[in-house]
């Protein structure tokens with residue numbers, strides 16, 4: 001009789017049940033993974049919000065270029081390069097520029113001497 | 001003395017609350033945090049650049065920064081002989097509100113000015129003024145370096161290309177510690193904080209008729225490395241400490257709360273005259289790519305002699321750690337010849353090494369490189385409000 005018994009690996013019913021369960025498992029995993037990823041992504045959203053805040057503020061400013069700042073024009077005219085608009089003038093170089101690394105000890109020496117002269 | 005502690009031990013300290021979870025060791029851009037898993041970590045001072053990224057990312061709040069509030073700022077405010085002036089960095093104004101229940105990015109600049117006056121500061125200025133000054137100086141230096149590279153006579157004294165920005169004290173210390181050969185490439189311009197210090201005790205003293213020795217210069221920064229910068233020995237060009245004390249955004253919020261000021265109901269106020277005016281170009285210094293964009297706005301107009309129709313350079317914006325762009329600028333001094341200026345923006349010192357190695361090997365195509373240590377720029381600095389809600 002055994003010759004009439006078909007050796008089917010899986011019945012149609014079993015297949016539907018199995019694939020149904022698999023589909024549910026995939027959907028549930030996906031949903032939880034999405035919640036997880038969203039929580040992770042939210043962790044640095046505040047950086048974008050702060051950046052956006054700065055760019056919005058920039059758009060609201062009447063003057064948006066550094067060299068057009070009236071007080072910048074004034075400080076060069078009155079103090080850094082009297083009577084003209086000369087960037088990197090001698091005084092600007094002295095007050096607003098520095099040195100790095102191994103040049104610092106000699107630079108400090110130079111500043112101290114400059115003070116003695118002045 | 002606080003300044004000797006700052007210079008010898010640095011700004012960042014790991015406290016006994018450390019659970020040795022190793023999160024900070026993965027954040028630290030210089031691998032300065034040592035300690036085995038399960039053992040209290042410690043910071044190797046030699047490598048630490050005081051950026052405070054470990055501090056704002058520590059899940060246990062176990063990392064502290066040295067405070068100058070009690071020992072310096074409060075004392076100066078109480079001293080009737082001190083004329084205390086204050087500057088605030090661009091990134092502070094869009095994050096300070098978070099400590100008072102506002103959404104990140106809310107602009108509280110005008111309330112911040114009012115709160116500082118209430119706290120007793122004699123004059124309230126703005127770091128954005130010296131950010132603009134940084135652009136005119138650093139931008140001009142870049143132009144002269146380009147002229148030097150092109151062989152225009154008269155510019156031989158200027159350094160090599162590419163030029164790196166010098167605004168970020170964590171980046172400057174990193175270069176000094178690890179890549180001394182790249183130092184000639186870093187702009188000699190001081191950072192906006194230090195420019196403000198120098199200007200406040202010279203130009204401002206002259207304008208206001210105040211004795212520079214009585215001026216006490218305080219800054220509010222989104223940054224812990226700025227505390228180290230203000231105590232560096234070379235910053236005393238005015239004959240005094242250029243900047244006397246630095247507090248972070250968090251510390252300012254704490255001061256406002258302790259003084260019992262109802263921050264959000266303050267009336268809007270403006271910054272004081274002479275060194276308080278700012279522009280949009282200075283505002284964006286707080287975001288990665290901002291210094292570059294501000295420099296391009298000015299360099300384009302100065303070099304071409306034309307007025308920019310559209311001031312935005314959107315190509316330099318974004319959050320990618322390393323970005324590049326090319327801007328074509330017609331140069332009036334060279335008969336209208338179009339100069340393609342290659343720029344690069346790095347945010348996160350972790351990513352700067354390949355860029356520096358290209359420069360040292362002489363194969364870098366860039367003219368100007370902006371480096372900011374903190375991911376996203378100063379707005380995500382080590383002195384900013386800590387966002388624990390995201391864990």
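The values are calculated or read from the model by the stated rules, or taken from the named source; none is laboratory data. All values derive from a computational prediction rather than experimental measurement. Positions of Cβ are generated from backbone atoms using ideal geometry, with glycine treated the same way; all protein chains shown enter the neighbour counts.
Out of B:114, B:149, B:170, report the one residue that is part of a helix (DSSP H, G or I), assigned by TED's automatic domain parsing to the domain that holds residue B:337 and surrounded by fewer than 24 Cβ atoms within 10 Å (Cβ to Cβ).
B:149
For the range B:192-303, give me every one of the helices (runs of 4 or more DSSP H) that falls completely inside it and has 2 or more residues that are facing chain A (nearest Cβ under 8 Å), crowded, with 19+ Cβ neighbours inside 10 Å and in contact with a strand residue (DSSP E or B) (Cβ under 8 Å, 6 or more places away or on another chain).
Qualifying helices (runs of 4 or more DSSP H): none found.
Out of the range B:304-333, which residues are buried (at least 16 other Cβ atoms within 10 Å of the Cβ) and not in a loop (DSSP other than H, G, I, E, B)?
Matches in the range B:304-333: B:304, B:315, B:316, B:323, B:324, B:325, B:327, B:329, B:331.
When you go through B:145, B:117, B:72 one by one, which is the residue that is out of contact with any helix residue (DSSP H, G or I) (no Cβ under 8 Å at 6 or more places or on another chain) and away from every other protein chain (no Cβ under 14 Å)?
The match here is B:117.
Does residue B:357 qualify as being touching a residue at least 12 places away in the same chain (Cβ under 8 Å) and either touching a strand residue (DSSP E or B) at 6+ places or on another chain (Cβ under 7 Å) or not in a loop (DSSP other than H, G, I, E, B) (or both)?
Considered against the rule, which asks whether it is touching a residue at least 12 places away in the same chain (Cβ under 8 Å) and either touching a strand residue (DSSP E or B) at 6+ places or on another chain (Cβ under 7 Å) or not in a loop (DSSP other than H, G, I, E, B) (or both), residue B:357 comes out as no.
Of the residues that make up the range B:78-90, is at least one facing another protein chain (nearest Cβ under 10 Å), under 20 Å from residue B:287 (Cα atoms) and part of a loop (DSSP other than H, G, I, E, B)?
Within the range B:78-90, not a single residue is facing another protein chain (nearest Cβ under 10 Å), under 20 Å from residue B:287 (Cα atoms) and part of a loop (DSSP other than H, G, I, E, B).
Do the conditions hold for residue B:362, that is, is it within 14 Å of chain A (Cβ to nearest Cβ) and not in a strand (DSSP E or B)?
It is false that residue B:362 is within 14 Å of chain A (Cβ to nearest Cβ) and not in a strand (DSSP E or B).
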